[in-house]
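Heads up: the structure comes next, in structure tokens.
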Amino acid sequence: MMKKTLLATLAAAGLAAVSAMPAAAQDMTLRMGTFATATSPWGQAMHAFADIVKEKTDGRIEIAVYTDGQIGGMQQLLTGMQLGTIDMAYFDVTVASFMKGAEEMKVAIVPYLFDSKASAAKVLNSDLFQKIYSDIAERTGVRIFSTYGDRSPRAIQTTKGPIEKPEDLKGLRMRVAGIDIYESTFETLGTQITPLGMTEIYNALSRGIVDGQDNGFELAIPPKFHEVAKYWSATDHVYGVTGWFISEQVWNRLSDADKEIFREAGKEAGQVSTDATNALDAEARSILEEAGVTYTEPDREAFREALKDVYKEYEGKVWPEGLVAQIRALQHQD
């Protein structure tokens with residue numbers, strides 16, 4: 001009896017030791033998704049991230065990459081990370097605002113808030129936003145652990161045009177992301193709003209369900225929206241940054257060393273996205289015009305003036321009073 005008790009005690013101690021092993025010693029395969037295409041800058045960055053993590057963890061952690069909405073669109077990916085059924089995602093940081101408890105991220109969608117890609121990257125990587133990301137993780141169970149990957153400025157692409165001034169949009173049916181400040185922006189311009197997922201846009205444009213959509217080159221050119229929408233207006237109304245999202249359940253399983261590997265991988269792979277986006281932006285106009293698209297540089301000041309008050313109905317309600325002014329000041333600080 002004593003021998004059996006001793007063996008049981010040793011076995012229990014062994015199990016306890018295994019369960020107490022740090023996450024760094026555990027092998028894992030994580031699923032990461034996006035709605036962007038595999039050939040897009042986002043898809044390229046995700047594969048780079050997977051390669052970097054695999055190398056730096058000596059193969060302990062592998063990332064299975066799913067592009068093209070294979071494991072869900074924005075909402076499905078966010079909900080999956082909250083439930084722990086999906087591990088990671090890569091898309092614009094403002095996608096977080098689809099979650100209850102992360103609404104303040106809508107501030108980054110304020111039209112003409114940022115002056116450039118560099119300004120957006122500077123602010124969205126600042127201490128101000130690191131605190132916001134941490135608070136969001138506590139409230140939602142989804143963490144933005146790295147914010148790297150410059151986005152193409154958002155433009156207006158339509159089947160009807162050209163779009164040279166705000167009035168040209170009146171009455172058009174526009175697909176916009178289903179976030180209220182996006183909707184307010186385009187309602188202010190006189191359009192009819194149709195929320196659709198990214199994977200639905202091509203068919204909606206080709207079948208006349210919508211007359212246009214707003215995205216930058218890096219999301220609009222890879223899926224070839226220009227095959228069916230022949231007018232491009234470079235309004236540059238929103239600049240953004242892509243974020244690396246992870247389920248807080250998964251994040252808490254990682255050792256501190258592995259968390260740092262993920263942060264560094266996010267930065268390195270984010271540069272892959274930035275480089276690919278910049279390269280695409282440099283040749284995008286030629287790509288579009290060769291496809292028969294009418295490329296217009298509109299009166300941006302007219303658009304800026306038309307949209308200057310959109311943020312006011314959200315200030316002090318969805319995000320803290322004065323945050324817009326704080327962001328505008330921060331991007332001009334050395």
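A few points about this structure:
- Of the listed requirements (1) crowded, with 21+ Cβ neighbours inside 10 Å; (2) over 18 Å from the mean Cα position of the chain (by Cα); (3) of a type in the set (Lys, Arg), Arg173 misses just one: (1).
- Qualifying residue in region 56-78 (condition: closer than 23 Å to Ala177 by Cβ and of a type in the set (Ser, Thr, Tyr)): yes
- Residue in region 306-319 that is more than 27 Å from Ser97 (Cβ to Cβ) and without any contact (Cβ under 8 Å) to a residue 12 or more places away in the chain present: no
- Residue that is nearest to Pro222 (Cα to Cα) [pool: residues in region 28-56 that are surrounded by fewer than 19 Cβ atoms within 10 Å (Cβ to Cβ) and out of contact with any strand residue (DSSP E or B) (no Cβ under 6 Å at 6 or more places or on another chain)]: Thr39
- Residue count for region 177-187 satisfying the condition of being surrounded by fewer than 16 Cβ atoms within 10 Å (Cβ to Cβ) and either among the polar types (S, T, N, Q) or farther than 24 Å from Gln76 by Cβ (or both): 1.
- Those helices (runs of 4 or more DSSP H) of region 1-92 in which 2 or more residues are at pLDDT 95 or above and not polar (S, T, N, Q) occupy 41-56, 74-83.
- Pairs with Cβ under 6 Å, 6+ apart, first in region 110-125 and in the same structural domain as Arg263 (by TED's automatic domain parsing), second part of a helix (DSSP H, G or I) and among the charged types (D, E, K, R): Tyr112/Arg304
- So Ala102, is it more than 27 Å from Ala257 (Cβ to Cβ), modelled with pLDDT under 95 and not β-branched (Val, Ile, Thr): no
- Within region 127-144, the set of residues being surrounded by fewer than 21 Cβ atoms within 10 Å (Cβ to Cβ) and outside any helix (DSSP H, G or I) comprises Gly141 only.
- Take the conditions (1) buried (at least 23 other Cβ atoms within 10 Å of the Cβ); (2) part of a helix (DSSP H, G or I); Pro111 misses just one of them, which is (2).
- Filter pass, Gln192 being touching a strand residue (DSSP E or B) at 6+ places or on another chain (Cβ under 6 Å) and exposed (fewer than 15 other Cβ atoms within 10 Å of the Cβ): yes
- Only residues that are of a type in the set (Asp, Glu) and without any contact (Cβ under 8 Å) to a residue 12 or more places away in the chain were counted in region 48-74, giving 3.
- Filtering region 160-216 to residues that are β-branched (Val, Ile, Thr) and not in a loop (DSSP other than H, G, I, E, B) leaves Val176, Ile181, Thr185, Thr188, Ile193, Thr194, Thr199, Ile201.
- Annotation note: of Glu283, Glu248, Glu305, the sole residue that is at pLDDT 95 or above, within 24 Å of Asp168 (Cα to Cα) and surrounded by fewer than 21 Cβ atoms within 10 Å (Cβ to Cβ) is Glu305.
- Residue pairs meeting the criteria (Cβ under 8 Å; at least 6 apart or on separate chains; first of a type in the set (D, E, K, R), in region 75-88; second assigned to a helix (DSSP H, G or I)): Asp87/Met81; Asp87/Val250
- When Gln271 is tested against (1) under 17 Å from the mean Cα position of the chain (by Cα); (2) crowded, with 19+ Cβ neighbours inside 10 Å; (3) among the polar types (S, T, N, Q), only condition (2) is not met.
- Selection of region 202-223 for residues being free of Cβ contacts under 8 Å to residues at least 60 places away in the same chain, surrounded by fewer than 24 Cβ atoms within 10 Å (Cβ to Cβ) and under 21 Å from the mean Cα position of the chain (by Cα) yields only Tyr202.
The values are calculated or read from the model by the stated rules, or taken from the named source; none is laboratory data. No experiment lies behind these values; they were computed from the predicted model shown. Cβ sites come from the backbone with ideal geometry, for glycine too, and all protein chains shown count toward neighbours.
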